[in-house]
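Where a number appears in this text, it was derived from the coordinates with a stated rule and is not lab data. In this text, all values refer to a predicted model and were calculated from it rather than measured experimentally. Reconstructed Cβ throughout: ideal geometry from the backbone, glycine too, with neighbour counts over all protein chains shown.
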Amino acid sequence: ASWDGIVLLHNYTGSIGTSAPSRSRTLTHEVGHWINLAHTWGNSNEPGLTSNCNGDDNVSDTPNTIGWTSCSLNGSTCGSLDNVENYMEYSYCSKMFTEGQKQRMLAALNSGTAQRNQLWQPSNLAATGVLDDPVVCQAAFSTPTQVVCAGDSVRFFDESFHGIVSWDWDLTGASPATSSSEDPVVVYDTPGLYPVGLTVGDGNNTVSTQQSDYILVLPSMGQSTPYSEGFEGVTTLPNNDWYTLDATGNAAWEPVGTASFSGNSSVRLDNYFGSDGDVDELISTTVDLSNATDVTLSFR
């Protein structure tokens, strides 16, 4: 034949969509056939026949069975406990191959019969791209502490993938401001909003990512109470006292002069262009509550 492989219908692929969990191991079953495994009851496609006890799959550690189309874990049809959860059953609760089946599949992969041994030959690996070095696919990072007080430390975690061997961190406002560590720990001493950049490499290629306004550093000394803010004279956000964070980069908090409780100004959240799941944060400067015994937060 000019073609050799396995074809699956969409409703026998995976466990979601048009398929179902009971059909999610179809490919595993068919690959077993492709590398020389029979059904556990033998070479027929008819499970459940008493005569199947006389059949054999040529694997010594799979018990003889008539074959199952249901998941009866206590099934014993040919004088011993059946291996109902075998991938080469029709029980639809399969989860295992036996050691003997593994050895039979390895023998098939090392045999010139049906050219299964071509799968791992260097010429085939080169022709199919298996030997190609993986490329750096994405630069990414995270930290559990995007909001800190001045003088606090922040640890960044590299989440890039595909053979990363080098890291070049650009940490404006931090000490140190650069790092070649995989997961650096730095200190931010001055309040403000700071970007973070990362360039990673695999020895041959590099890719970069930059997150603006990623780290928010608040003053370590907080405002005394009572504290209030009417946003009079505030024309832009963020400023020295109020900060906005938005993971999608389209922060919607903005100062306006068209509505207020008193005076002329307020801030609003413009959610007209928002999407489900968007989170927009408006964060005040630090407030010192050390001498407070009863705290109330209110909005007007």
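Please sort 99-107, 266-274 by packing, taking for each peptide the average over its residues of neighbouring beta carbons within 10 angstrom, highest first.
Details: 99-107: 15.7, 266-274: 12.6.
Listed from highest to lowest mean packing, they are 99-107, 266-274.
Would you please put 159-170, 114-125 in order of how densely packed they are, using the mean number of other Cβ atoms within 10 angstrom per residue and starting with the highest?
Values: 159-170: 16.2, 114-125: 12.2.
Final packing ranking: 159-170, 114-125.
Specify the residue with the greatest mean-square fluctuation among Ser70, Ser220, Ser208, computed from a Gaussian network of the chain linking alpha-carbon atoms under 10 Å apart.
Ser70
Tell me the angle of helix 99-109 to the major Cα principal axis of the chain, expressed in degrees between 0 and 90 and rounded to the nearest ten.
Compared with the principal axis, the helix lies near 90 degrees.
Where the only charges are on Cβ atoms (+1 Lys, Arg; -1 Asp, Glu), what is the dipole of the range 10-127 about its Cα centre, to the nearest 20 debye?
Details: 6 positive and 9 negative charges, 74 e Å.
About 360 debye.
If you take log10 I(q)/I(0) by the Debye sum over Cα atoms at q = 0.10, 0.14, 0.15 Å⁻¹ from the coordinates, which of (1) -0.65, -1.29, -1.44; (2) -0.80, -1.06, -1.15; (3) -0.58, -1.05, -1.18 do you get?
Evaluating log10 I(q)/I(0) by the Debye sum over Cα atoms at q = 0.10, 0.14, 0.15 Å⁻¹ on these atoms matches (2).
In the range 127-266, with Lys and Arg counted as +1 and Asp and Glu as -1 at Cβ, which of these residues, Ala139, Pro191, Val234, has the Cα nearest the positive end of the dipole, that is, farthest along it?
About the Cα centre, the residue reaching furthest to the positive side is Val234.
Can you find, among Thr113, His29, His10, the residue farthest towards the positive end of the dipole of the range 10-127? Put +1 on the C-beta of Lys and Arg, -1 on that of Asp and Glu.
Highest projection toward the positive end goes to His10.
Per residue of the chain, what 222 nm ellipticity follows from adding -39500 (n - 2.57) for every DSSP H run with n ≥ 4, rounded to the nearest 500? Before the final figure, lay out each step's value.
On the way: 3 runs with 26 residues, N = 300.
Only helices count here, giving -2500 deg cm²/dmol.
Rank by packing, highest mean first: peptides 198-205, 224-231, 211-218, with packing defined as the count of other Cβ atoms within 10 Å averaged across residues.
By packing density, highest mean first, the sequence is 211-218, 198-205, 224-231.
What is the magnitude of the charge dipole of the chain about its Cα centre, with +1 placed on the Cβ of each Lys and Arg, -1 on the Cβ of each Asp and Glu, and no other charges, expressed in debye to the nearest 20? Don't skip to the answer; put the middle values down first.
Working: 9 positive and 34 negative charges, 214 e Å.
The dipole of the chain has a size of about 1020 debye.
Compute the separation of the alpha-carbon centres of the range 1-72 and the range 200-270 and state it in Å as a whole number.
Their Cα centres are 60 Å away from one another.
Taking the Cα centre of the range 141-218 as origin and charging only Cβ (+1 Lys, Arg; -1 Asp, Glu), how large is the dipole, in debye to the nearest 20? Please list the in-between numbers first.
Values: 1 positive and 10 negative charges, 22 e Å.
Rounded to the nearest 20 debye, it is 100 debye.
Looking only at Cβ-Cβ distances, which cysteines of the chain have no other cysteine closer than 4.7 Å?
Cys137, Cys149
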